[in-house]
Amino acid sequence: MQPAVLDQPIAGRQAWTRATLRESDYRVVLSDAAQRELLDAAATLRRQPVPLLALRPDSLDLPACRAAMEEVRAILTRGVRFALLDRLPIEALAPEEAKALYWILSSMLARPVAQKLDGTIVYDVHDTGQQALPGSGIRPDKTNIDLQFHNDNAYNFLMPEFVGLLCLRQAKEGGLSRVMSFATAHNALRERHREVLPRLYEPFWFDRQREFHPGEESTFSAPLFIRDGERLKARLSLHQIRGGYALRGGAMDNETTAAIEAIKDVFADSSLQFQFRLEAGQIQYVANREIGHSRTEFHDHDDAGRRRLLIRLWLRNDGAQGYIG
């Protein structure tokens with residue numbers, strides 16, 4: 001039985017382009033009151049330290065911050081599906097304090113969950129100098145390469161609902177953030193490459209990045225697009241798909257190759273995406289099943305203490321809190 005292809009244009013705020021996107025659609029400013037709450041919270045945590053993983057959204061009284069996060073939630077669920085929270089008072093905070101405040105704010109959206117099989121929940125995104133080869137287990141976010149649009153954990157059973165990225169330090173050059181609506185990408189594919197759409201609703205192989213139990217498969221099979229009524233959900237990660245087919249030991253057939261090339265064509269269209277520099281203290285949130293995010297290649301500082309560092313959280317309330325979900 002053929003999967004149901006969404007064969008009509010997707011309308012609404014989630015199907016934005018660069019020309020239709022306004023700053024007010026995605027930017028949420030932490031008010032003076034929210035800034036004071038955060039500084040007071042940091043002072044409280046200095047006097048009464050609590051392990052980060054034990055902190056809960058109701059650990060501190062933060063009404064102005066909670067109002068800001070409700071704005072973020074509305075954007076992620078009913079708006080353009082990505083938000084820029086501007087920003088933590090990073091100059092007045094130690095890195096661990098910034099992480100703690102980021103954790104509390106993000107927990108107002110959903111529960112943080114593990115990002116690796118070993119239970120890692122707070123994940124550093126930085127260049128380790130390694131290469132992300134098929135089957136190596138090295139994720140592309142541990143390199144400085146240009147990342148194509150993807151959603152996080154596309155190669156696992158249960159993806160996070162939201163993904164947060166706190167910028168602690170920028171790169172010396174490059175490392176610009178990019179976002180694209182998968183609804184917009186689907187519209188473009190329908191207009192330019194309609195013939196490949198049915199293939200995108202059928203399974204592809206993904207490299208599971210060595211995040212699986214002994215005896216389990218090293219690859220994962222799933223379609224790239226799933227129709228949920230009139231709503232579209234996506235599972236896209238071209239790097240892991242290339243790795244998946246390499247691990248399976250077979251080349252992509254012509255139909256699969258054509259579908260991937262069509263996606264790459266749409267991903268290359270700058271009019272369908274938004275590019276910006278994520279600055280220290282700012283937090284990017286995306287609705288992970290509807291927005292693709294990426295970054296440009298970057299070159300870092302020689303001083304290790306100045307190198308690019310983002311802190312990532314995966315958030316979802318469904319499933320278990322562990323990595324497999």
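The values are calculated or read from the model by the stated rules, or taken from the named source; none is laboratory data. Just so it is clear, the model here is predicted, and its values are computed rather than measured. Positions of Cβ are generated from backbone atoms using ideal geometry, with glycine treated the same way; all protein chains shown enter the neighbour counts. To get the accessible areas, we keep the full protein, side chains included, count just its heavy atoms, and leave off ligands, DNA and RNA. Shrake-Rupley method; radii C 1.70, N 1.55, O 1.52, S 1.80 Å.
Remark: pairs (first residue in segment 225-252, touching a residue at least 60 places away in the same chain (Cβ under 8 Å) and under 25 Å from Ala4 (Cα atoms); second residue aromatic (Phe, Trp, Tyr) and assigned to a helix (DSSP H, G or I); Cβ separation under 6 Å; 6+ apart in sequence or on different chains) = Ala234/Phe182.
Going by the conditions given, is Ser24 more than 21 Å from Leu168 (Cβ to Cβ), within 22 Å of the chain's Cα centre (by Cα), small (Gly, Ala, Ser) and open to solvent by 50 Å² or more (accessible area, probe 1.4 Å)? Here the answer is yes, as Ser24 does meet what is asked. Listed by first and then second residue, the pairs with beta-carbon distance under 8 Å, at least 6 apart or on different chains, first residue in segment 191-217 and more than 23 Å from Arg139 (Cβ to Cβ), second assigned to a helix (DSSP H, G or I) and among the charged types (D, E, K, R), are Arg192/Asp265; His193/Asp265; Val196/Glu255; Leu197/Arg190; Arg199/Glu255.
Sub-9 Å Cβ pairs linking a first residue in segment 307-325 that is touching a residue at least 60 places away in the same chain (Cβ under 8 Å) and of a type in the set (Ser, Thr, Tyr) to a second residue that is outside any strand (DSSP E or B) and open to solvent by 10 Å² or more (accessible area, probe 1.4 Å), at least 6 apart or interchain, are Tyr323/Lys116; Tyr323/Leu117; Tyr323/Asp118; Tyr323/Gly119; Tyr323/Thr120; Tyr323/Glu211, ordered by first then second residue. For the subset of segment 192-232 comprising residues that are among the hydroxyl-bearing types (Ser, Thr, Tyr) and touching a Lys or Arg at 6+ places or on another chain (Cβ under 7 Å), which member is farthest from Ala287 (Cα to Cα)? Selected residue: Ser218.
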